[in-house]
1. Take the residues in the stretch 88-106 that are at pLDDT below 90 and within 18 Å of P248 (Cβ to Cβ); name whichever of them is farthest from the chain's Cα centre (by Cα).
2. Can you work out which of the residues in the stretch 72-81 that are at pLDDT below 90 and of a type in the set (A, V, I, L, M, F, W, C) is farthest from H9 (Cα to Cα)?
3. Please go through the stretch 108-118 and pick out each residue that is out of contact with any Phe, Trp or Tyr (no Cβ under 6 Å at 6 or more places or on another chain), open to solvent by 20 Å² or more (accessible area, probe 1.4 Å) and either over 21 Å from H165 (Cα atoms) or not polar (S, T, N, Q) (or both).
4. When Y262 is evaluated against the numbered criteria (1) modelled with pLDDT under 90; (2) surrounded by 18 or more Cβ atoms within 10 Å (Cβ to Cβ); (3) in contact with a helix residue (DSSP H, G or I) (Cβ under 8 Å, 6 or more places away or on another chain), which criterion, by number, is the only one it fails?
5. Would you point out which residue out of R74, R60 is among the basic types (K, R) and more than 30 Å from T242 (Cα to Cα)?
6. If I ask for residues that are over 17 Å from I188 (Cα atoms) and surrounded by 12 or more Cβ atoms within 10 Å (Cβ to Cβ), which ones from the stretch 37-54 would you list?
7. Of everything in the stretch 82-105, what is open to solvent by less than 20 Å² (accessible area, probe 1.4 Å), in contact with a Leu (Cβ under 8 Å, 6 or more places away or on another chain) and within 23 Å of A40 (Cα to Cα)? Give them in sequence order.
8. Tell me which helices (runs of 4 or more DSSP H) are completely within the stretch 167-243 and hold 2 or more residues being surrounded by fewer than 21 Cβ atoms within 10 Å (Cβ to Cβ) and touching a Gly at 6+ places or on another chain (Cβ under 9 Å), or say none if there are none.
Amino acid sequence: MVIAKEIMHRGTPVLSFETKVPEALEYFRKHPTSFVAISADIDRYHGVLTEAGLMRIYLRYKSNPAKDSLILYRDLLEPTQLIHENETFPDIVKKLVTAVGNRIFVINDKGAVIGYITAKDILPFFTEGQSEKQFIETTRSLQSDLYLFESFFTKSPFMMHSVNHHGVIQMANEMLHAVLGYEYGELIGKTIFDIYPEENHKKAEAGIKQIFDKGYHKVIQAQMIDKKGKRIDVELVSRALTDQDDKPIGTITVSRPLDMNYLLGCLPHS
């Protein structure tokens, strides 16, 4: 079966988070790309800068030229969706469909980005070498998987999120966004340091290490902080997410406020 590293583009377009806005404009002028990853290190990305995003950044920059580094406009970057190099075609499609911008960045075992895949790159695989029956069966299987993903993860009445080795949030469901006061999608690309109090950052880092080393973290009581800085007492449990070779590629954490009435108050009322 096709895996991510076999169809990815190598040579991911990257700019440092310290890049100046005029330099970013010059980069887009000289390179045939519609996006560029904004990096702090080889395995740490702040988000994705698009042409439209750069246009909005430039308008802000012109009103305050002293703010000239891209990192100062992090709120205008799109979240970075990651996929392991050995993940298979169905997982590639699922992540592309749900990723902002319909692009994913491929990482190796060390967490370094080694390439990227766009929706256009997988279109030939829907028909190339497949009979009409095979195409229909593949599509139905993917639709079923996507429906289950949306029902179980995105629409869960409990708070759920996933982070990588470095604590960067790769997925977060609607309930976590609602309880913490964020618009849906805002948490993607943020880190555990954005949702846990500062005094618990070391414990959170140790928890991630334990999950990757042992595959789980026991049920604990802790606190999260919402967008406005309010602390919320929660109970949570975490396990490792693994690829088809049983290698850990992320975490999955399920949590709930200790005050269930608080959670019920966050549910959408129609």
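The values are calculated or read from the model by the stated rules, or taken from the named source; none is laboratory data. If you're wondering where the values come from, they're calculated on a predicted model, not measured in any experiment. Because the Cβ atoms are built from the backbone with ideal geometry, glycine has one as well, and the counts that use them run over all protein chains shown. Just so you know, the surface numbers come from the protein's heavy atoms only, side chains and all, with ligands and any DNA or RNA stripped out. Shrake-Rupley method; radii C 1.70, N 1.55, O 1.52, S 1.80 Å.
1. So the first thing to find is which residues in the stretch 88-106 are at pLDDT below 90, and the list is 88-102.
Of the ones still in play, those that are also within 18 Å of P248 (Cβ to Cβ) are 88, 91, 95.
Working: T88: 18, D91: 14, K95: 10 Å.
Once the filter is applied, the top-ranked residue is T88.
2. L76
3. Our first condition is that a residue be out of contact with any Phe, Trp or Tyr (no Cβ under 6 Å at 6 or more places or on another chain); within the stretch 108-118, this holds for 108-112, 114-115, 117-118.
The next check asks that each one be open to solvent by 20 Å² or more (accessible area, probe 1.4 Å); those that pass are 108-110, 114, 118.
Matches in the stretch 108-118: D109, K110, I114, T118.
4. In the conditions (1) modelled with pLDDT under 90; (2) surrounded by 18 or more Cβ atoms within 10 Å (Cβ to Cβ); (3) in contact with a helix residue (DSSP H, G or I) (Cβ under 8 Å, 6 or more places away or on another chain), Y262 misses (2) alone.
5. Numbers: R74 fails: more than 30 Å from T242 (Cα to Cα).
Going through R74, R60 in turn, just one is among the basic types (K, R) and more than 30 Å from T242 (Cα to Cα): R60.
6. I42, A52, L54 - these are the residues of the stretch 37-54 that are over 17 Å from I188 (Cα atoms) and surrounded by 12 or more Cβ atoms within 10 Å (Cβ to Cβ).
7. I104, F105
8. Details: elements: 174-180, 192-195, 201-214.
In the stretch 167-243, 201-214 are the helices (runs of 4 or more DSSP H) which contain 2 or more residues that are surrounded by fewer than 21 Cβ atoms within 10 Å (Cβ to Cβ) and touching a Gly at 6+ places or on another chain (Cβ under 9 Å).
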